[in-house]
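The values are calculated or read from the model by the stated rules, or taken from the named source; none is laboratory data. This one's a predicted model, so the numbers in the text were calculated from it and none came from an experiment. Don't worry about glycine lacking a Cβ; one is built from the backbone with ideal geometry, like all the others, and counts go over all protein chains shown.
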Amino acid sequence: MKISVDRTRCEGYGFCEEKAPTLLRLDSDDELEILSEEVGDDQQDRARLAVRSCPVAALRLEE
Amino acid sequence: MLPPDGTVVVVGASIAGITAVEELTARGHTGPIVLVEAEVSAPYAKPPLSKAVLSGAAEPESASIPLAESARIRRVRGDAAVRLDVAGSTVGLASGEPLPFDGLVIATGARARTVADLGGNTSGLEERVLRTLDDARRLRDELRTASAIVIVGAGVLGMELASVAASMGIAVTVLSNEAPLLSQCGPFVSALVEREARAHGVELVTDPSGVTLVERGGRLAARLGSTVYEGDLVVSAVGDRPNIEWLAGSGLVCLPGVVVDSRCRVTDRIVAAGDVAAFGSPPRRNPHWSNALDQARTAVAALLNGDEAPEYLARPYFWSDQFSLALKMGGHTPFLGEPDVLAGSLDDLDALVQWRRDGVPYGALAVNRRIAISKLHLAAGNPTANII
Ligand SMILES: Cc1cc2nc3c(=O)[nH]c(=O)nc-3n(C[C@H](O)[C@H](O)[C@H](O)COP(=O)(O)OP(=O)(O)OC[C@H]3O[C@@H](n4cnc5c(N)ncnc54)[C@H](O)[C@@H]3O)c2cc1C
Ligand code: SF4
């Protein structure tokens with residue numbers, strides 16, 4: 001499973017970081033950084049939670 | 001308490017209901033789930049409906065809320081829950097089907113309140129509101145050809161509507177009984193938004209006597225004081241009401257919403273989350289996105305683990321796009337008095353500011369700043385999450 005962000009949509013709300021801090025982080029300029037594009041088996045629930053919590057649907061998961 | 005293989009019925013498939021479904025899986029529930037939704041549309045997020053979807057900058061499909069397919073999740077669409085039998089642990093659907101449950105998540109949210117609900121629609125005509133995807137599509141199409149609109153209500157939603165319409169070159173009049181966002185956010189934010197609104201050509205008319213809707217030439221018009229305002233479109237944005245009618249006769253306390261305990265429970269088998277739930281003392285609804293996420297997760301943990309689950313920690317947070325302002329607010333609104341500037345500058349409309357009472361922070365506002373939600377919570381004096 002892979003996670004990606006559409007940068008034109010992401011508005012830096014940071015909900016995703018809160019739900020999956022091991023995968024996603026807002027950097028010091030509060031730009032979203034993908035820490036790990038590849039989502040491990042034990043991270044899949046968190047990744048889904050992160051994707052769903054984004055109010056502008058900027059994140060995408062590919063199985 | 002709910003056995004891990006028990007049947008869970010979730011009523012309402014928006015952000016609270018969908019979050020509850022995924023949280024059940026994440027917490028080891030393996031039984032059947034029935035997710036009931038009155039609307040026919042696939043689940044969608046509401047915040048973009050008054051922003052990018054309304055302006056046409058984003059397609060309505062982009063607002064969808066994804067939910068992984070699973071054999072144990074049955075999805076009912078276009079059929080509403082109309083009854084709850086607490087003693088018999090059964091939800092009744094409009095189609096007549098009974099749905100027995102071991103655990104129930106009430107996530108039926110809210111709908112738009114109308115001027116008629118407030119007793120002020122004497123026109124005999126139906127009001128226009130913005131709450132659902134269908135509302136947003138219709139309004140988007142109408143804004144494309146409108147040259148003047150009248151918005152009733154200067155709350156967060158009314159002013160977002162005004163922002164979008166003004167950005168499309170439409171003449172906008174906002175009628176209200178108080179200054180923009182005043183009771184919700186306090187005088188500082190109100191003045192900020194009012195200044196922007198006027199700079200963008202919006203006509204704001206405030207009069208505590210309240211708006212009445214009247215009919216003029218077969219169309220809806222709005223009267224405030226002695227003036228009648230007409231436009232291509234009159235839209236009501238006067239708050240929301242919880243969807244609780246289906247719980248009449250259930251014995252649940254539903255005022256001002258479904259009243260829940262410190263873990264979002266109504267009974268040990270029934271929980272409620274999101275816009276429909278009323279929490280705290282006195283119980284209050286908190287109809288915002290992040291609240292729906294946090295409450296749904298707390299509620300499911302309590303359904304599965306009872307008193308061992310963490311209590312709900314209120315961490316108020318919401319955002320709004322107003323004209324050239326992207327606002328993010330954390331803490332306990334309304335914010336009173338002048339804030340301290342923590343970063344940036346208010347003159348440049350790029351700042352993080354903070355309100356304190358007796359030296360203790362209770363509110364923060366980010367203006368046109370990308371800021372991690374955790375940092376905003378910190379500046380706002382909100383507690384650290386206990387349910388990540
Ligand atoms: C236009 C708009 C813009 C917004 N912008 C923001 C924002 O910028 N920031 C922010 O924090 N919040 C915003 N909000 C608020 C946020 O969207 C809500 O807090 C959130 O949607 C609440 O989710 P919920 O799942 O509790 O309820 P809802 O989203 O109201 O969903 C409830 C669901 O239950 C269904 N339902 C109701 N009754 C029944 C029944 N009897 N049987 C079956 N199904 C039923 C409904 O059809 C609906 O799908 C906005 C809301 C709107 C309308
Ligand atoms: S929640 Fe969405 S908008 Fe916010 S930082 Fe994550 S991807 Fe960006």
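Can you name the residue in the range B:12-41 that is part of a loop (DSSP other than H, G, I, E, B) and under 30 Å from B:A166 (Cα atoms) and, of all such residues, is farthest from ligand 1 (Cβ to nearest atom)? Among them, the one singled out is B:S41. Quick check on B:L133: is it within 16 Å of ligand 1 (Cβ to nearest atom) and within 14 Å of chain A (Cβ to nearest Cβ)? So B:L133 passes the test. In the range B:363-383, is there at least one residue being more than 14 Å from chain A (Cβ to nearest Cβ) and on the phi > 0 side of the Ramachandran plot? Among the residues of the range B:363-383, at least one is more than 14 Å from chain A (Cβ to nearest Cβ) and on the phi > 0 side of the Ramachandran plot, which makes the answer yes. Cβ-Cβ distances below 7 Å connect the following pairs, each with a first residue in the range A:18-30 that is under 26 Å from B:A351 (Cα atoms) and in a loop (DSSP other than H, G, I, E, B), a second residue that is acidic (D, E) and modelled with pLDDT of 85 or more, and a separation of six or more residues or different chains: A:D27/A:E33.
Restricted to strands (runs of 3 or more DSSP E) entirely inside the range B:257-329, those with at least 2 residues that are modelled with pLDDT under 95 are B:317-322.
This table checks each residue for (1) acidic (D, E); (2) over 19 Å from A:R46 (Cα atoms); (3) out of contact with any helix residue (DSSP H, G or I) (no Cβ under 8 Å at 6 or more places or on another chain).
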{"residue": "B:D5", "(1), (2), (3)": "yes, yes, yes"}
{"residue": "B:A16", "(1), (2), (3)": "no, no, no"}
{"residue": "B:A38", "(1), (2), (3)": "no, yes, yes"}
{"residue": "B:P47", "(1), (2), (3)": "no, yes, no"}
{"residue": "B:A57", "(1), (2), (3)": "no, yes, yes"}
{"residue": "B:S70", "(1), (2), (3)": "no, no, no"}
{"residue": "B:G78", "(1), (2), (3)": "no, yes, yes"}
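Look through the range B:92-109, keep the residues that are of a type in the set (A, V, I, L, M) and part of a strand (DSSP E or B), and return whichever of them is farthest from the chain's Cα centre (by Cα).
Taking the range B:92-109 as the starting set, the residues that turn out to be of a type in the set (A, V, I, L, M) are B:93-94, B:99, B:104-107.
Adding the requirement that they be part of a strand (DSSP E or B) leaves B:93, B:99, B:104-106.
On the way: B:L93: 25, B:L99: 28, B:L104: 22, B:V105: 18, B:I106: 16 Å.
For the range B:92-109, the residue satisfying everything is B:L99.
Here is a yes/no grid of residues against (1) under 20 Å from B:P3 (Cα atoms); (2) assigned by TED's automatic domain parsing to the domain that holds B:H29; (3) of a type outside the set (G, A, S); (4) more than 15 Å from ligand 1 (Cβ to nearest atom):
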position	(1), (2), (3), (4)
B:A248	no, yes, no, no
B:V259	no, yes, yes, yes
B:G274	no, yes, no, no
B:P283	no, yes, yes, yes
B:L293	no, yes, yes, no
B:A302	yes, yes, no, yes
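All conditions but one from (1) farther than 27 Å from A:V56 by Cβ; (2) within 15 Å of ligand 1 (Cβ to nearest atom); (3) among the hydroxyl-bearing types (S, T, Y) apply to B:Y44; the one that does not is (1).
Tell me, yes or no, whether the range B:44-67 has at least one residue that is away from chain A (no Cβ under 14 Å), in a strand (DSSP E or B) and buried (at least 19 other Cβ atoms within 10 Å of the Cβ). No, because not a single residue in the range B:44-67 is away from chain A (no Cβ under 14 Å), in a strand (DSSP E or B) and buried (at least 19 other Cβ atoms within 10 Å of the Cβ).
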